[in-house]
There are 2 protein chains.
Amino acid sequence: MSERIRGGLAPVVTPFKRNLSPDQERFIKHCRSLLSQNCGLAPFGTTSEANSISGDERISLIDALVAAGIDPSRMMPGTGCCSITETVALTAHAVKHGCAGVLMLPPFYYKEVTEEGLYRYFSDVIQRVGDARLRIYLYHIPPVAIVGITLRLVERLLKTYPDAIAGMKDSSGDWNNTKTFLDAFSGKHFQVFVGSESFLLENMSNGGAGTISATANVNPAAIHELYAECVGQSKFENRESKLEQLQVRLNVVREIFSSRKFPSMIAAMKQAIAIYTNDPEWVRVRPPLVELTGNQAKLLAAELKAIGFAMSGITKTSATRKPGMNP
Amino acid sequence: MSERIRGGLAPVVTPFKRNLSPDQERFIKHCRSLLSQNCGLAPFGTTSEANSISGDERISLIDALVAAGIDPSRMMPGTGCCSITETVALTAHAVKHGCAGVLMLPPFYYKEVTEEGLYRYFSDVIQRVGDARLRIYLYHIPPVAIVGITLRLVERLLKTYPDAIAGMKDSSGDWNNTKTFLDAFSGKHFQVFVGSESFLLENMSNGGAGTISATANVNPAAIHELYAECVGQSKFENRESKLEQLQVRLNVVREIFSSRKFPSMIAAMKQAIAIYTNDPEWVRVRPPLVELTGNQAKLLAAELKAIGFAMSGITKTSATRKPGMNP
């Protein structure tokens, strides 16, 4: 088995042009910037507005990244749709490009589905893709998808597909849940990523693989620093206290972006990228999401300034309009 | 404005072949059978496993119906996806075929979205489709989609798009909610369909347009009978008591199919069609749904027999296997 992807990954935010079509140029640029900060790419996560983007558009964006020379072994695109047909098409496409893995939502339209139904769903996808290189990371995000990934489901899938089922992303926001999965599948090549870097230290201390977190879009270097210290061999004095310090520093940034003062974390991050790259084109989101109001944008800018936030790896774009303005 | 579609409509169940691809032949046959019972067609509703079927597959099925000579003015296909791109593609396709309308889910991935975000979503779809023939029926099904359609959203949309916003399907299961919409928009050409025929009499007595109900797949004639009596001019004695009788008869059938003894109403109806057409191919569902077990199938058959249920408009298919068997 080739080496698995680990560390901090960003569910890459998707920039849109004025007509709301995906902006490939800015997308590639943002991905390059993330990679330069040792941040892996998880395009088409919840933060990427993945489900607001069609399958064809997603395929074009991955093709564009690969054509731009971005290494697929640093990518874990989201491919889970409500239909087997679409999930298989997106997954097979990612595997053919040699992506490190795919992040797969359960089918999320019907609620109260059975474990058997979900087992059949994932099983069918694996068999239809039919490629030994396939590595699936199951995506557990009950606050949004409602349909979740249970321990027993993973047990059954791992038993039948020990290679294809590579791990999970736990975005439950419940550390006890993450810990249960870590304990149950330790030593089985099952990698657990936490859905928020606020659990990164705990995750790494318990055998986890890293974090796939929204905030990695704007704070990749600091996330990588904590990850690297966790897996590093350095035996400096007060190691634990230093790790905790790094964790606290991450939490301060995350708290700002996840504030209920903003319509969504996604819109807040796009606003921050617009501010720090001096590129107001970045603020656009697709409905049903909405961008920040002018006042919210000012508040965000002030809060980030107050903590001395610097966006790592970001290069400014020359723009004629003022940052923070809605295009 | 041309005459609007009314009465009983079936969210047409989608038959699948052994490889789970949509079975066009059986689909067309089932649609013809429904039409012969004065039942309109709402392909790609929740009951149709719409979100388990890709956009391309949905487009092929509509094309097949039209090619088979089925009248698009009797069709209201479901076209609401999570992405504007896909919703626009499916909607424009339906409008070009001259469909009576489209049934449109709100984007259902993100939860806790704002009214403004949903307004922008529907507004954007209407403008992108850009066709004066477009008639949207907003689909409110909070138990499944979680994201719902509010009174205020409809008010705003109707104000801007009085022709395109044609009505709604209320599958909340809450008559008070339906009544609120009926009262608020009476006289505005806004047609309210109830999502269950158990509210048909009440809906028709309060200015409603009919029902788009799962059970219309198996009980279309009786649903039409109540609808026709409600809108008819007949002044027979004891009219109210007759209408109530018809309503009770509908409820008895619905109760069987919606029983929690079966994994889903969808699977139970497909099982019933398999039994009554002697065609076991019909039982297949796409994961994450599961079909009935052998025992559940026997129970369903017995319960239907006990009430003397006859499936209207159904022609038997010769089959070598016994009905009720899983293919």
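The values are calculated or read from the model by the stated rules, or taken from the named source; none is laboratory data. The structure displayed is predicted, hence computed values, not measured ones. Positions of Cβ are backbone-derived with ideal geometry, glycine not excepted, and every protein chain shown enters the neighbour counts. When the accessible area is computed, the model is the full protein with side chains, heavy atoms only, and any ligands, DNA or RNA have been set aside. Shrake-Rupley method; radii C 1.70, N 1.55, O 1.52, S 1.80 Å.
Basic side chains Lys and Arg get +1 at the Cβ, acidic Asp and Glu get -1 at the Cβ, and with that the dipole of the protein assembly as shown about its Cα centre reaches some 400 debye.
Taking all C-alpha pairs of the protein assembly as shown, those more than 38 Å from each other amount to 37 percent.
Legend: helices of chain B (whole DSSP H runs) are marked when their alpha-carbon atoms reach 27 angstrom or more along the helix axis and their mean Kyte-Doolittle hydropathy is at least 1.0; nothing is marked. Would you work out the Kirkwood radius for the range A:98-150? I mean one over the mean of 1/r across all pairs of different Cα atoms, in Å. One over the average 1/r among Cα pairs gives 11.9 Å for the range A:98-150. When A:ALA67 is represented by a point 7 angstrom out along its Cα-to-C-beta vector, the spacings to that point in the other copies are 3.2 nm, nearest first.
Model label sites at B:LYS111 and B:ARG239, defined 7 Å from Cα along the beta-carbon direction, differ in position by 4.6 nm.
The Kirkwood radius of the range B:38-96, taken over pairs of alpha-carbon atoms, gives through the Stokes-Einstein law at 4 °C and 1.567 mPa s a diffusion coefficient of 111 µm² s⁻¹. Between chain B and chain A, roughly 3400 Å² of accessible surface gets buried, counting both sides and using a 1.4 Å probe.
Out of the total accessible area of the range A:165-249 (probe 1.4 Å, heavy atoms of protein only), what percent is carbon and sulfur? C and S atoms contribute 46 percent here. Taking the Cα atoms of the range A:130-238, the ratio Rg/Rh between the radius of gyration and the Kirkwood radius comes to 0.99. Taking the Kirkwood radius as the inverse of the mean 1/r across Cα pairs, report the Rg/Rh of chain B. Rounded to two decimals, Rg/Rh equals 0.95.
Looking at the range B:1-63, the GluC sites (Glu not before Pro) that sit in a DSSP loop and have at most 14 other Cβ atoms within 10 Å of their own Cβ are B:GLU3. Ordered from largest to smallest accessible area (heavy atoms of protein chains, 1.4 Å probe), the residues A:LYS29, B:LYS169, B:LYS235, B:LYS111 come out as B:LYS235, A:LYS29, B:LYS111, B:LYS169.
The Kirkwood hydrodynamic radius of the range B:13-122, based on inverse pair distances between different Cα atoms, is 14.5 Å. Working from the Cα coordinates of the range A:65-125, the gyration tensor eigenvalues give, after taking √(5λ), semi-axes of 26, 10, 9 Å in decreasing order. Taking the Cα centre of chain B as reference, the dipole from Cβ charges on Lys and Arg (+1) and Asp and Glu (-1) amounts to some 620 debye. Here the Debye sum runs over all C-alpha atoms of the range A:184-327 as equal scatterers in vacuum, and log10 of I(q)/I(0) at q = 0.09, 0.18 Å⁻¹ comes out as -0.33, -1.01.
Over all projection directions, the Cα-based convex hull of the range B:106-192 averages an area of 5.4 nm².
The alpha-carbon atoms of the range B:1-78, seen along their principal axes, cover 41, 21, 20 angstrom, with the largest extent given first. Here's the picture: charge each Lys and Arg Cβ at +1 and each Asp and Glu Cβ at -1 in the protein assembly as shown, and of B:PRO72, A:GLY207, B:ILE275 the one pushed furthest to the positive end of that dipole is B:PRO72.
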